[in-house]
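The values are calculated or read from the model by the stated rules, or taken from the named source; none is laboratory data. These figures come from a predicted structure and were not determined experimentally. Cβ atoms come from the backbone with ideal geometry, glycine included; neighbour counts cover every protein chain shown. All accessible areas refer to the heavy atoms of the entire protein, side chains included, with ligands and DNA or RNA removed. Shrake-Rupley method; radii C 1.70, N 1.55, O 1.52, S 1.80 Å.
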Amino acid sequence: MSRPLRVAIVGAGPAGVYAADILTKSDVDAQIDLFEKLPAPYGLVRYGVAPDHPRIKGIVGALQKVLDRPSVRFFGNVEYGVDIKLDDLRQFYDAVIFSTGASADRALDIPGIDLPGSHGAADFVSWYDGHPDVPRTWPLEASSVAVLGVGNVALDVARILAKTADELLVTEIPQNVYEGLKSSPVTDVHVFGRRGPAQAKFTPLELRELDHSPNVEVIVHAEGIEFDEASMVAIRTNKQVEMIVKTLQEWAIRDVGTRPRRLHLHFLEAPVEVLGSDHVTGLRTETQELTGDGNVRGTGVFTDWDVQAVYRAVGYLSTHLTDIPFDHVSGTIPHLAGRVLDLDEVPVPGVYTTGWIKRGPIGLIGHTKGDALETITSLLEDAAALPLATSPSPDAVVEFLTQRGVPFVTNEGWSRLDAHEIALGAAHGRERVKVVSREEMTAVSNG
Ligand SMILES: Cc1cc2nc3c(=O)[nH]c(=O)nc-3n(C[C@H](O)[C@H](O)[C@H](O)COP(=O)(O)OP(=O)(O)OC[C@H]3O[C@@H](n4cnc5c(N)ncnc54)[C@H](O)[C@@H]3O)c2cc1C
C-alpha cells in the first residue's frame, strides 16, 4: 500500500492501548486513532482499579507513552454507536478494533436483590473512582454490610467500605468520595463466598492487602475453612491457591484484635435472599458443604445476618455494540483469534476485537497484552485483503466529528486535563485529584 494502514481502535482501556502499542512497534506503517467514550483514557485502570492500588496506577505511565507516539491519536468523548458508527469508521479506516471492555454488573437472581440498599459492585466502584456518568453521592448509611463474592473486586469493595476516609485521602479519590466515606457509620463488612477457601477467586496479594489497614481487623470465620479432595489437589498443584489457603488458615486461628472496624470473611455460605420490605434489613445465607469435586451443595442450615446494605460482586458484564455481533450468553463478541465473526461464524472483513469484550471480564491488566498480540497478529496476517478506507485522509474523521458537533478531546486536551489533576493533587501533597464531572473534564481539556 502506498499510504500508511489506517486503524481505528474503539475503547481506550488497556486492551485498546496495548493493541496500539503492538501495532506501532510492528513492521507495518500504521496510523492509529483511539476512540473513547469518556474524556479520559485507560478504562478500568482509571475507573475500576481501587484508589489504594497506586502501584497498578503506575501502568498508566507505560500506557501514556503509547498515546504520546506521533502515529497515535486520541479522540476522547466520542461514543461508538452514538457519535460514530461502523459504516462511518469504514469510510476512514482499513480496519477497526473493538476493545470496549465491560462496565456493568452481572445479575444475581435471588429474592430481594433489587431492594433499595442492594447495590452492584460496578456502580460503587464507578462512584469511588470518580466516573463522570454516575451520581456524586452514595448512600453510606449502613453499620453492617454484606459483600457477595470472593474475587478481587469483592475484596476491593470490602476494603474501600471498611477503610476510613482519612486513610484513603492520600490517594486520588475525589473530594465528594472522601466526604461520602467520611460520613459512613460502618463497623462490620461481611464477605460471603459460596464455595470453600481453595475455590476463592482472589489473588494472594489482594488478600494480604486487606490486613494492612490500622483501622480494620480481618476476621476469617473458621467454620468455612474446609477442604475436599479437589481442594487438596488444588492446594498441592497451584501455588496461588496454596498461598491463599495458608493465609486464611493463619487468620482463622489468630486472636481478634481491637481495630475499630471489622472485615469478616465467610466461606461456604451461599446468599439465598436479601431480606427487607422497602429497604435491606438483612441477608439470608445457606451453609454449603463441599462435594469432593470442589463443588458445593446446600445443607439446609440457614442464617440471617443483620446487615443494612448488600453489594454483589459476582462479575462484570460487557454491552452489545451497535452493528457488531454479540454473544448474549457469554457477554462477548464472537471471534476467531480476534477476527470478529458474523452469525454464520464467518470473519467480518476488517473488524477485530480485543480485551474483556473479546475474552470475557476476567483477568488482570497484563492479560490484555496477550489478547492484543493475538488480535494484531490476525490483523497483520489479513493486511493485504483489508477493505480499504474510502476517505483515508487523517483529516476526514476530524471533519466528520466537527461537522456533527461532537466535542471530542484530543491528545493535547487529555494532557491538559492530566496536568490539571496532578496540579490539584500537588496543592494538597497528593499525586493527583480526579476531576469528576464530564463538563469540567472537557472544559479543562479544551483549555
Ligand atoms: C473493579 C476492578 C478492579 C480491578 N483492579 C485491577 C487491579 O488492581 N489490577 C489489575 O491488573 N487488574 C485489575 N482489574 C482488571 C482490569 O481492569 C482489566 O483487566 C482491564 O481493564 C480490561 O481492559 P479492557 O481494555 O478490555 O477494558 P476496559 O478497561 O473496560 O476499557 C474499555 C474502554 O472502552 C470504553 N468504551 C466502552 N464502550 C464504548 C463505546 N461505545 N465507545 C467508545 N468507547 C467505549 C470504556 O469507556 C473504556 O475506557 C480490575 C477490574 C475491575 C472491574
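For this structure, a couple of remarks:
- Residue count for the stretch 206-238, restricted to those that are in a helix (DSSP H, G or I) and closer than 20 Å to Ala154 by Cα: 9
- Unique match (being within 21 Å of the chain's Cα centre (by Cα) and either modelled with pLDDT of 95 or more or within 28 Å of Lys25 (Cβ to Cβ) (or both)) among Leu386, Leu364, Leu379: Leu364
- Across the stretch 41-75, the number of residues qualifying as assigned to a helix (DSSP H, G or I), in contact (Cβ under 8 Å) with a residue 24 or more places away in the chain, open to solvent by 40 Å² or more (accessible area, probe 1.4 Å) and more than 7 Å from the ligand (Cβ to nearest atom) comes to 2.
- When residues of the stretch 100-111 are limited to those that are modelled with pLDDT of 95 or more and surrounded by fewer than 21 Cβ atoms within 10 Å (Cβ to Cβ), the one farthest from Tyr316 (Cα to Cα): Pro111
- Filtered by the rule that a residue be open to solvent by less than 50 Å² (accessible area, probe 1.4 Å) and in a loop (DSSP other than H, G, I, E, B), the stretch 333-353 gives Ile333, Pro334, Ala337, Gly338.
- Residues in the stretch 187-204 that are among the β-branched types (Val, Ile, Thr) and in contact with a strand residue (DSSP E or B) (Cβ under 6 Å, 6 or more places away or on another chain): Thr187, Val189, Val191.
- Selection within the stretch 354-413 - within 15 Å of the ligand (Cβ to nearest atom), part of a loop (DSSP other than H, G, I, E, B) and open to solvent by less than 80 Å² (accessible area, probe 1.4 Å): Thr354, Gly355, Gly360, Pro361, Gly363, Ile365, Gly366, Val406, Pro407, Phe408
- Residue within the stretch 312-333 that is of a type in the set (A, V, I, L, M, F, W, C), within 16 Å of the ligand (Cβ to nearest atom) and closer than 30 Å to Asp228 by Cα present: yes
- In the stretch 189-205, the residues that are among the aromatic types (Phe, Trp, Tyr) and not in a loop (DSSP other than H, G, I, E, B): Phe192
- Yes/no for Val189 being in contact with a Lys or Arg (Cβ under 9 Å, 6 or more places away or on another chain), in contact (Cβ under 8 Å) with a residue 60 or more places away in the chain, assigned by TED's automatic domain parsing to the domain that holds Pro214 and surrounded by 19 or more Cβ atoms within 10 Å (Cβ to Cβ): yes
- Residue match in the stretch 267-280 (condition: within 15 Å of Pro197 (Cα to Cα) and either within 16 Å of the ligand (Cβ to nearest atom) or not assigned by TED's automatic domain parsing to the domain that holds Lys163 (or both)): no
- Condition met for Glu223 (touching a Gly at 6+ places or on another chain (Cβ under 9 Å) and either exposed (fewer than 15 other Cβ atoms within 10 Å of the Cβ) or not polar (S, T, N, Q) (or both)): no
- Sole residue being modelled with pLDDT under 95, among the β-branched types (Val, Ile, Thr) and either within 11 Å of the ligand (Cβ to nearest atom) or under 21 Å from the mean Cα position of the chain (by Cα) (or both), chosen from Ile173, Ile97, Ile160: Ile173
- Single residue of Lys25, Lys85 found to be in the same structural domain as Leu336 (by TED's automatic domain parsing), open to solvent by 20 Å² or more (accessible area, probe 1.4 Å) and within 13 Å of the ligand (Cβ to nearest atom): Lys85
- Selection status of Ser330, small (Gly, Ala, Ser) and either in contact with a helix residue (DSSP H, G or I) (Cβ under 6 Å, 6 or more places away or on another chain) or crowded, with 19+ Cβ neighbours inside 10 Å (or both): no
- Residue ID - farthest from Gly276 (Cα to Cα), chosen from residues in the stretch 104-121 that are touching a helix residue (DSSP H, G or I) at 6+ places or on another chain (Cβ under 8 Å) and among the hydrophobic types (A, V, I, L, M, F, W, C): Ala104
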